[in-house]
Amino acid sequence: MRYGWQFDSHLWKQVSAELRNSISWQHTGLQEVEATIVPECSGIYMLCACPPPFRFSLEKPNGQLFAHLLTPIYVGRSENLRKRFRQHCQSRKPEILQAIECFGTSLQFWFHIHPAEYIEREESLLIDCFGPNANRIRGKKIVGQIGVPVKL
C-alpha cells in the first residue's frame, strides 16, 4: 500500500458508485455519548480529522480553507458499526491516541451502512485510495518518506 491519497484514477473508480456518490454517509464525534447515533448494522467507517486547532463545520469556508478540510486517518469495516464505534472510544490503538492528541474533538467517525458481504472489498479499496496513516498492513506501520520519488 502507498501512503496518502492516491493519484491513480483507476483505484478511485473501483470504489462502488454507492460509496463514491452516496449522500448516506453520516458522521458523529468520536465520543461514547454519541454511540446511539451509530446503527447496529454492517458498514464501512472512517476516522477523519481536520487540521488543528480548527473544528468541523458545515458553514461556508469564507476563506478559511483549513477549517473545512477533512482527511481519513483510519478506514475500517464492521458487522456492527455501533460496537466498533464503542471499541474505538474505549480502547484505542496508539495511532488513534496520537490522532486524538493532535486533532482533539475535531476527530470524526464517518460511517456508511453497507451489506456485510461487500464491506471487506470496499474497505480495502478505500485504504488503497486514501492510504490513511493509522491503518496497518501485516502488523507494520505505514510510514512516509521524503525524498526522490520511487516508482512502485
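Here are a few things to note about the model shown:
- If you filter the range 25-45 down to residues that are open to solvent by 60 Å² or more (accessible area, probe 1.4 Å) and in a loop (DSSP other than H, G, I, E, B), you find that the one that is modelled with the highest pLDDT is GLU40.
- Qualifying residues in the range 1-19 (those that are part of a loop (DSSP other than H, G, I, E, B) and over 17 Å from the mean Cα position of the chain (by Cα)) - the one surrounded by the most Cβ atoms within 10 Å (Cβ to Cβ): ASP8
- Per the conditions (1) open to solvent by less than 60 Å² (accessible area, probe 1.4 Å); (2) at pLDDT 80 or above, the sole criterion not satisfied by SER22 is (2).
- Hey, ILE100 of a type in the set (A, V, I, L, M), assigned to a helix (DSSP H, G or I) and open to solvent by 30 Å² or more (accessible area, probe 1.4 Å) or not: yes
- Subset tally (residues that are in a loop (DSSP other than H, G, I, E, B) and at pLDDT 85 or above) for the range 46-97: 2
The values are calculated or read from the model by the stated rules, or taken from the named source; none is laboratory data. Nothing here was measured: the structure is a model prediction, and the numbers come from that model. In this analysis, Cβ positions are derived from the backbone assuming ideal geometry, glycine residues included, and neighbour counts consider all displayed protein chains. All accessible areas refer to the heavy atoms of the entire protein, side chains included, with ligands and DNA or RNA removed. Shrake-Rupley method; radii C 1.70, N 1.55, O 1.52, S 1.80 Å.
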